[in-house]
Amino acid sequence: MAAEDTAPLPPPPPHGFEAAEHVKSFKDRIIPKQTDDVTVYWSRATILAIFIAGVLAIICESWIMINENWLINNVKAASPDGYNDLEENFLVGQTYHGIFLAAFLFWMIVTWDGVMHKNLMQVLSVNIYNFGLLVYSFLQIIQTKTDLEFVRPQLENPDDPIASNTGLFLFAQVMLPAIIGFVIPSFAYLTYRLHGEFGWRQYRITGGSKQLENVFFTYHILLLLLKFSVFFVIGFTIFDLVLTAVSDKGKVIIGISAAVVGILVPACGYYGARNERKHLIFLYMFGCLCVLAYIVQRVWQAYYKEYETPESSYFDRSKLPFMLYACLSFLLVLVAFVYGFICLGNFNRGLKEVLDQEEKRRKGELEAPVVDLDA
């Protein structure tokens with residue numbers, strides 16, 4: 001027996017000390033913590049890089065929205081009657097920019113969350129998301145150019161830098177695809193480096209068991225799908241409520257229902273898979289089917305309302321972003337439904353036991369390094 005095994009135990013810590021020892025500081029909660037056996041250099045570099053890129057993108061998008069809002073106020077003051085005719089045009093543009101701004105916030109949050117919880121699949125998914133942001137940034141340039149063509153005739157000075165889409169206003173639009181284009185290869189390299197940092201911890205959790213690795217892989221995919229599907233379904237709902245013909249009563253019903261379902265369905269999916277509760281997984285899968293039916297119904301309704309009353313609908317100007325979010329939302333929720341079924345088949349294969357063990361480690365009940373797999 002080793003000498004340290006026969007050494008006398010140290011005296012018990014003062015009351016409350018042991019619990020405090022396992023309470024993370026604010027810095028530990030927002031920045032990966034260095035340990036003896038796992039480095040966090042590339043994790044910290046990734047968070048810093050995405051923070052810088054995200055802030056720059058948010059500044060550019062905010063500048064675009066501020067200038068367009070300034071233009072809207074000028075048109076409204078100079079020609080109130082003309083503004084009424086252009087209200088639909090402004091509403092489409094501002095909604096488009098607002099969702100893009102939210103997409104950058106989600107970009108930063110989902111990357112930070114994936115790095116902090118050592119979820120390699122989530123980090124990998126951000127690489128795909130980067131391409132989506134790049135496409136959206138190019139579409140924004142086209143959308144803005146089209147919007148300003150409607151606005152320019154209403155202005156006393158059509159050569160205004162904003163109305164003519166030149167100067168810093170255009171520069172901010174062009175900077176967005178430039179920033180994202182630089183991030184794409186950089187983030188791909190960071191993902192490769194993160195694979196090395198995350199690999200040892202994942203191996204230590206699974207003990208090299210292929211079955212347990214597959215179970216964890218499925219579990220992380222489900223968590224990933226939950227996060228992305230919530231974001232895109234919310235974006236789709238906003239486009240639906242703002243840019244399609246919906247009655248005031250319908251807006252209230254859809255808004256409340258979306259808020260309730262947006263909380264309950266992901267919660268059932270997460271807690272059902274985490275704690276291996278079949279009834280929660282079944283509720284989650286039923287909720288996914290309801291969301292799929294909602295997306296199909298709203299797309300059909302939008303096209304039907306446009307055909308029935310084209311003069312009262314904004315849909316003609318918003319078809320592209322509306323259908324983009326509709327298709328992505330439908331696909332994500334559908335795959336999330338399938339992975340809920342797969343997770344159900346993985347019950348009793350060791351996932352819950354290992355996650356429970358890690359929960360005890362976080363609380364200080366086990367003397368092992370902490371690995372957070374729950375997010």
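Computed values, structure above
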{"read-out": "Efficiency of FRET between ALA267 and ILE141 - r from beta-carbon atoms, R0 25 angstrom, step 0.05", "value": "0.05"}
{"read-out": "Extension reserve of the VAL260-PHE347 stretch, reckoned as 0.36 nm per residue once the Cα distance is removed", "value": "28.6 nm"}
{"read-out": "Environment charge at LEU241 (Cβ cut-off 14 Å; Lys +1, Arg +1, Asp -1, Glu -1)", "value": "+2"}
{"read-out": "Net charge dipole size for region 210-364 [Lys, Arg +1 and Asp, Glu -1 on Cβ; Debye, nearest 20]", "value": "580"}
{"read-out": "Calculated from backbone phi, Karplus (6.51, -1.76, 1.60) coupling profile of region 215-226 in Hz, x at Gly/Pro", "value": "5, 5, 4, 5, 4, 5, 5, 4, 4, 4, 5, 4"}
{"read-out": "Spacing of the two label points (7 Å from each Cα toward its C-beta) at LEU289 and TYR41, in nm", "value": "5.2"}
{"read-out": "Full-stretch length increase - LEU320, ALA49 - with 0.36 nm per residue and alpha-carbon distance subtracted", "value": "94.5 nm"}
{"read-out": "Gain on full stretching of the segment that runs from PHE217 to LYS76 - 0.36 nm per residue minus C-alpha separation", "value": "45.3 nm"}
{"read-out": "Efficiency of FRET between ASN275 and VAL174 - r from beta-carbon atoms, R0 41 angstrom, step 0.05", "value": "0.25"}
{"read-out": "Heavy-atom surface of region 210-364, accessible at 1.4 Å and reported per residue (Å²)", "value": "50"}
{"read-out": "Charge dipole of region 210-364 about the Cα centre (unit charges at C-beta), most positive-ward option of ILE342, ILE263, VAL246", "value": "ILE342"}
{"read-out": "Calculated from backbone phi, Karplus (6.51, -1.76, 1.60) coupling profile of region 107-119 in Hz, x at Gly/Pro", "value": "4, 5, 5, 5, 5, 4, 4, x, 5, 5, 9, 6, 9"}
{"read-out": "Cβ-defined net charge surrounding GLY250, 11 Å radius [Lys, Arg +1; Asp, Glu -1]", "value": "+2"}
{"read-out": "Whole-Hz couplings from phi, Karplus 6.51/-1.76/1.60, listed for region 165-180; x for Gly and Pro", "value": "6, 9, x, 5, 4, 5, 4, 5, 5, 6, 5, 4, x, 5, 5, 5"}
{"read-out": "Carbon plus sulfur fraction of accessible area for region 210-364, probe 1.4 Å, in percent", "value": "68"}
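The values are calculated or read from the model by the stated rules, or taken from the named source; none is laboratory data. These numbers were taken from a predicted model, which means no experiment stands behind them. All Cβ positions, glycine included, derive from the backbone under ideal geometry; neighbour counts span all protein chains shown. With ligands, DNA and RNA removed, areas are computed over all heavy atoms of the protein, side chains included. Shrake-Rupley method; radii C 1.70, N 1.55, O 1.52, S 1.80 Å.
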